[in-house]
Each structure stands twice: as C-alpha cells, then as structure tokens.
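Chemist: Have a look at this one.
Bear in mind these aren't lab numbers, they're just calculated from the coordinates by the rules spelled out. Source: prediction; values computed, not measured. Please note: Cβ atoms are built from the backbone with ideal geometry, for glycine as well, and neighbour counts cover all protein chains shown.
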C-alpha cells in the first residue's frame, strides 16, 4: 500500500489490519479483511473554500465510505464548484454565509444554513427520501 492509498484508509482500519497481519505472521490467526461497505446511507457535509486540490483528493478517498457529499463554498470559488461538478455524488452548496457581515470565515453559519435546508438528507436514511 503506497502513502496515497494509506491516507484514504481510516486510521482505525489500518491499525486493525496491521495487528491482524502481525498475528497471522506469528501463526496465530488468519488475517481479517477490511470491512465491506454496509447498506447505510451516509451523507458527508464539508466546507471547502480555495482548497479545491485538497477537496478533489478527499472526494476520491471518501467515495467508498459515503453515499453523497455536500460541499459548502463561496460564490467566488469557481475552482471548488468545478471540482464538485465532476462527481455525480457531490452537490455544491454555494453561499454568502461564509463571509456575511464582513466575517473572515464563518463555517458555523454556513453549516447551519445547509443543515436547515438539507436536514432531510442529513438526518434520515434512504428509505425515507
């Protein structure tokens, strides 16, 4: 596993797999495989402003763990909006809330705005959508 791949795997999974492999090498057990995706509908909400390169890597790494991603960004950040448009599992929420009233960066206000509008998507499973 190279460094880029290992960054995409959660730390707890990497640690468990390393312990399992170590036990197998000592002949105690067979190595356990990483967990397979479960039928759970997970929606991730993240904020990305002027971080489109990091966002692109994050979206790629998380695609096996979440069903849908909502990315919050500002109207001026066209590059983040472009990255979002490249994935059908990603929706870009463009808002002024990040810098309303002259705030340098108000992540909480933007998250509150999205959770109010998208509460149904964020808090209910796929069976109720």
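Chemist: What is the P(r) of the range 40-119, as percent of Cα-Cα pairs per 5 Å bin from 0?
Modeler: 3, 16, 28, 24, 19, 7, 2, 0
Chemist: Can you tell me the FRET efficiency between residue 60 and residue 96 if r is taken as the Cβ-Cβ distance and R0 is 30 Å, rounded to the nearest 0.05?
Modeler: Calculated transfer efficiency: 0.60.
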